[in-house]
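For reference, the structure is listed below as structure tokens.
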Amino acid sequence: MNTEDIKKFKESGKIAAKALLYGSKMIKPGVKLLDVCDAVEEKIIALGGLPAFPAQVSRNEIAAHYCPEQDDETTFEEGDIVKLDCGAHVDGYVSDNAMSINLGAHEELLK
């Protein structure tokens, strides 16, 4: 791996991290899962990357990798535990990150 490779990985990681934080702040009761995923992907593009994979959001018993369809009306609800997962790529250099968001009494689970 050369310096240019490292530079692209870092750029990709920074874009994905900013998009993840942006999306996490949108996750509130009543907000559609689809709206958050679309916003995260748009943010990645606005920051100069491309989505490495569709933004994914999982609630409660759905452990991972849920991608809402275009007609999905599902919203976040009070009490949910949510995982947001997104990745970016810059010239094929891929980053991937995720975080959990607590909309209920899940402090112990998040630890």
*So which of Lys18/Lys43; Lys43/Lys111; Lys10/Lys111; Lys10/Lys83; Lys32/Lys83 end up more than 18 Å apart, counting from Cα to Cα?*
Lys43/Lys111; Lys10/Lys111; Lys10/Lys83
*How large is the helix-only mean residue ellipticity at 222 nm for the chain, computed as the sum of -39500 (n - 2.57) over DSSP H runs with n ≥ 4, divided by its residue count, in deg cm²/dmol to the nearest 500?*
-12000 deg cm²/dmol
*asked:* Quick check: at a probe of 1.4 Å, how many percent of the accessible area of the chain sits on carbon and sulfur atoms?
replied: 54 percent
*So what J values fall out for region 79-92 if you push phi through Karplus, 6.51 cos²θ - 1.76 cosθ + 1.60 with θ = phi - 60°, rounded to Hz, Gly and Pro as x?*
x, 5, 10, 10, 10, 10, 10, 8, x, 10, 9, 10, 6, x
_Simple spin-label estimate for Lys14 and Asp35 in nanometres, 7 Å along Cα-Cβ_ = 3.1 nm
*Rounded to the nearest 0.05, what FRET efficiency do Thr3 and His65 give with R0 = 35 Å and r taken as the Cβ-Cβ distance? Could you check?*
0.55
*Helix 33-46 versus the longest principal axis of the chain: what is the Cα-based angle in degrees, 0 to 90, to the nearest 10?*
20 degrees
_I'd like to check one number: the per residue accessible area of the chain, probe 1.4 Å, reported in Å² as a whole number._
57 Å²
_Largest-first principal axis extents, alpha carbons of the chain, Å_ = 46, 34, 20
_Suppose the chain between Leu50 and Thr75 were pulled fully straight at 0.36 nm per residue; how much longer would it get relative to their current alpha carbon spacing?_
6.5 nm
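The values are calculated or read from the model by the stated rules, or taken from the named source; none is laboratory data. What you see is a predicted model, and the numbers here were worked out from it, not measured in a lab. In this analysis, Cβ positions are derived from the backbone assuming ideal geometry, glycine residues included, and neighbour counts consider all displayed protein chains. These area figures cover heavy atoms from the full protein model, side chains too; ligands, DNA and RNA do not enter into them. Shrake-Rupley method; radii C 1.70, N 1.55, O 1.52, S 1.80 Å.
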